[in-house]
1. Compute, for segment 118-184, the length of the dipole vector about the Cα centre, with Cβ point charges of +1 (Lys, Arg) and -1 (Asp, Glu) only. Units Debye, rounded to 20.
2. By count of other Cβ within 10 Å, fewest leading, how are Ile173, Ile125 ordered?
3. When Met164, Met204, Met267 are ordered from fewest to most other Cβ atoms inside 10 Å of their Cβ, what list results?
4. Name the residue farthest towards the positive end of the dipole of segment 93-203 from the options Val119, Leu171, Leu202, assuming +1 on Cβ of Lys and Arg, -1 on Cβ of Asp and Glu, about the Cα centre.
5. Normalising by the residue count of segment 93-203, find the relative contact order in percent from Cα pairs under 8 Å and 6+ residues apart.
Amino acid sequence: MTLTPELALVVLVGALAGGGVVLLVAALTPREQAAHVEAPSNLLEQLRGLGRRVPFGIGAGVLVLVLTQWLVVALAVGALVAFWDRLFGGSRETRDGVARIEGLAAWTESLRDTVAGAVGLEQAIPATAYAASPAIAADLQTLADRLRVRVPLPEALQRFADDMDDAGADLIIAALILNARLRGPGLREVLTSLAESARAELEMRQRINAGRRSTQRSVQIVVGVTIVFVVGLSIFNPEYVEPYDSPVGQIVLLFILGLFAAGFMWMRALSKFEMPERFLRSRAAGVVR
């Protein structure tokens with residue numbers, strides 16, 4: 001049997017649709033996690049998120065393919081829909097980072113006020129863990145549990161730093177470790193200055209994010225208008241875009257879409273924060289506890 005372009009297209013669309021259904025089922029199937037795992041794998045979370053978006057990407061790609069008969073554009077639109085979150089700004093990562101900094105600043109202030117009442121760190125940390133922000137509450141609760149089972153305070157704080165895995169948290173935790181080992185005065189003043197520094201960083205990030213969100217919205221509008229314009233021309237004025245129906249036209253279209261993709265990747269790189277390296281690492285940081 002001869003493999004015609006139409007048959008190859010049907011096979012490709014069927015394979016994409018089957019893969020999307022498999023990923024969707026895998027993403028929606030609940031799984032029990034082992035007791036010793038504290039958090040789901042980052043790769044597993046990415047696969048689950050991709051499994052939720054792939055069916056929408058396949059649907060959009062098939063729709064564009066039916067309307068335009070351009071395989072290159074259909075694949076590009078499908079990939080754009082499937083990877084929309086990654087291409088346009090990593091808003092979830094930005095929100096998580098801001099929430100973590102805000103939670104650290106609030107917890108530092110709460111810890112400072114609790115320590116001011118002549119309470120030791122061993123008592124102040126569990127007392128402030130319950131009212132902490134949800135962004136850091138799980139790690140703080142783990143720290144409080146370790147203190148309850150008599151883990152030495154410096155070791156518990158070091159493991160807390162590994163759990164947080166954040167350069168901003170290292171500054172605060174390092175001050176707590178030094179105080180736990182030396183038992184010297186001035187902890188309240190140090191926590192005050194660290195909380196003010198965290199608040200200043202939070203304000204700076206919020207200003208930057210506000211500017212970046214307007215830029216991302218502009219790019220999304222440009223992309224949406226471009227897609228609607230191209231699809232509209234192929235439907236209402238096919239003679240104008242007839243040169244793209246040929247194999248050479250598809251290659252030219254692939255080059256144009258590659259320029260768009262390069263622009264998206266560049267924008268994605270510009271939207272990322274350059275976080276400083278952590279300095280409070282333990283040798284057992286990579287071991288699953």
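The numbers here are math on the coordinates, done by the rules we state, and not lab data. Note that the structure is predicted; figures quoted are calculated from it, not measured. Using ideal geometry, Cβ is built from the backbone for each residue, glycine included, and neighbour counts are taken over all protein chains shown.
1. 380
2. Going from least to most buried by this count: Ile173, Ile125.
3. Met204, Met267, Met164
4. Of Val119, Leu171, Leu202, it is Val119.
5. It rounds to 36 percent for segment 93-203.
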